[in-house]
1. Answer yes or no as to whether Ile75 is free of Cβ contacts under 8 Å to residues at least 60 places away in the same chain, among the hydrophobic types (A, V, I, L, M, F, W, C) and within 16 Å of Leu31 (Cβ to Cβ).
2. Pairs only if they're at least six apart or on different chains, beta carbon under 6 angstrom, first in segment 100-114 and in contact (Cβ under 8 Å) with a residue 40 or more places away in the chain, second surrounded by 12 or more Cβ atoms within 10 Å (Cβ to Cβ) and in a helix (DSSP H, G or I); list them, first residue then second.
3. Does segment 130-142 contain any residue that is in contact with a strand residue (DSSP E or B) (Cβ under 7 Å, 6 or more places away or on another chain), buried (at least 16 other Cβ atoms within 10 Å of the Cβ) and either within 28 Å of Asp261 (Cα to Cα) or of a type in the set (S, T, N, Q) (or both)?
4. When segment 17-34 is examined, which residues are found to be modelled with pLDDT under 95 and surrounded by 10 or more Cβ atoms within 10 Å (Cβ to Cβ)?
5. Which condition breaks for Asn63 when tested against (1) within 18 Å of Ala258 (Cα to Cα); (2) buried (at least 17 other Cβ atoms within 10 Å of the Cβ); (3) out of contact with any strand residue (DSSP E or B) (no Cβ under 8 Å at 6 or more places or on another chain); (4) not small (Gly, Ala, Ser)?
6. In segment 64-168, which helices (runs of 4 or more DSSP H) lie fully inside it and hold 3 or more residues that are touching a Leu at 6+ places or on another chain (Cβ under 8 Å)?
7. Counting just the residues of segment 153-200 that are among the hydrophobic types (A, V, I, L, M, F, W, C) and closer than 12 Å to Gly269 by Cβ, which one comes out surrounded by the fewest Cβ atoms within 10 Å (Cβ to Cβ)?
8. Mind telling me which of the residues Ile64, Ile139 ends up being modelled with pLDDT of 95 or more and over 24 Å from Val186 (Cα atoms)?
Amino acid sequence: MKRFILLLILCLCIFPLISSAEDATPPIRILIVPGHDNEVYGAEYGNIKEADMNLVLATQIYNILKKDKRLKLYITRDSKDFVREFKDYFVNQKDKIIAFKTKAKKDTQVKVDKGTFVYKKGVGHNQVNQETAIGLYGINMWANENKIDLVINVHFNDITREDKWSIGTTKGFAIYVPGSQMANNVESTKLGESIKKELLKKYSVSNLPVEKKGVIADQTLIALGASNTLVDGVKSVLIEYGYIYQKIFRNSATRHQAYKDMALLTSNGILNYLFKK
């Protein structure tokens, strides 16, 4: 009897320690970035603006993932503007962000001159203005400082059209990941492939030839860590969920159903990457 009591006491002592160790595991930190903002709203079809679409979908991804206690979620903006933390950061750290960007570009140029980094021609992207660039580099600097594990950039695509009511023939999703010479390439690519696998259950990959693989490496997108402005521990993807003029997005009902489906599939892809080893 005494032996049984002793064993019981030992078990009661050990189990709380195990539980405490599990509780002490830090959550995985995920930053959701709805592309563009209320001033620079990206693509446009009729009265539909990409920035608004990005925000709705990104918020739904955020709301799904934040229910998982293993994760710590952040988002850069809400229906009004950038959330207070990022708005203040862009203002208070502006000089540091500019210095961060300048140094990264200089360091990359040194590598180019030495032949240890080679610029590769990729998919053409629209140039961003100076303020937007500072914001994007600022998000990267913030992600590094706050030890973010994943950055999920949410976008919808477009091509050059006659006017905002024109409908193009290019359609489908594409997931951009850091180029092979960038610090965060390997794991970001695995994350991109995991999300692609889920999206393929309901949607098709882009029929644009340069996007036909579904996951495309890119050196130039700031959001992915251009000039190695994201450290290797920060995995980043930029998802173009489709072309803004596609039929599914032109109708309010089908557009909002697509948001729900895309949010769930994206979340599943993220969770599969993180936990389905």
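The values are calculated or read from the model by the stated rules, or taken from the named source; none is laboratory data. Note that the structure is a prediction, hence the values are computed from the model and not measured. Here the Cβ positions follow ideal geometry from the backbone for every residue, glycine too, while neighbour counts run over all protein chains shown.
1. On the way: free of Cβ contacts under 8 Å to residues at least 60 places away in the same chain: yes; among the hydrophobic types (A, V, I, L, M, F, W, C): yes; within 16 Å of Leu31 (Cβ to Cβ): yes.
In short, yes.
2. Phe100/Met141; Lys101/Tyr137; Ala104/Ser227; Lys105/Ser227; Thr108/Ser227
3. Kept after step one, since they are in contact with a strand residue (DSSP E or B) (Cβ under 7 Å, 6 or more places away or on another chain), are these residues of segment 130-142: 139.
Within this subset, residues satisfying the condition of being buried (at least 16 other Cβ atoms within 10 Å of the Cβ) are 139.
If we keep only those that are either within 28 Å of Asp261 (Cα to Cα) or of a type in the set (S, T, N, Q) (or both) too, we end up with 139.
Checked against the condition, which is being in contact with a strand residue (DSSP E or B) (Cβ under 7 Å, 6 or more places away or on another chain), buried (at least 16 other Cβ atoms within 10 Å of the Cβ) and either within 28 Å of Asp261 (Cα to Cα) or of a type in the set (S, T, N, Q) (or both), segment 130-142 yields at least one hit.
4. To start, the set of residues in segment 17-34 that are modelled with pLDDT under 95 comprises 17-26.
Passing the criteria: only Ser19.
5. (2)
6. Numbers: elements: 84-92, 94-114, 130-145.
Counting at least 3 such residues, we get 130-145.
7. Of all residues in segment 153-200, those among the hydrophobic types (A, V, I, L, M, F, W, C) come to 154, 156, 159, 165, 167, 173-175, 177, 182-183, 186, 191, 195, 199-200.
Retained after the next criterion (residues that are closer than 12 Å to Gly269 by Cβ): 173, 175, 191, 195, 199-200.
Working: Phe173: 22, Ile175: 28, Leu191: 26, Ile195: 26, Leu199: 23, Leu200: 14.
The extreme case among them is Leu200.
8. On the way: Ile139 fails: over 24 Å from Val186 (Cα atoms).
None of the other options fit; the residue is Ile64.
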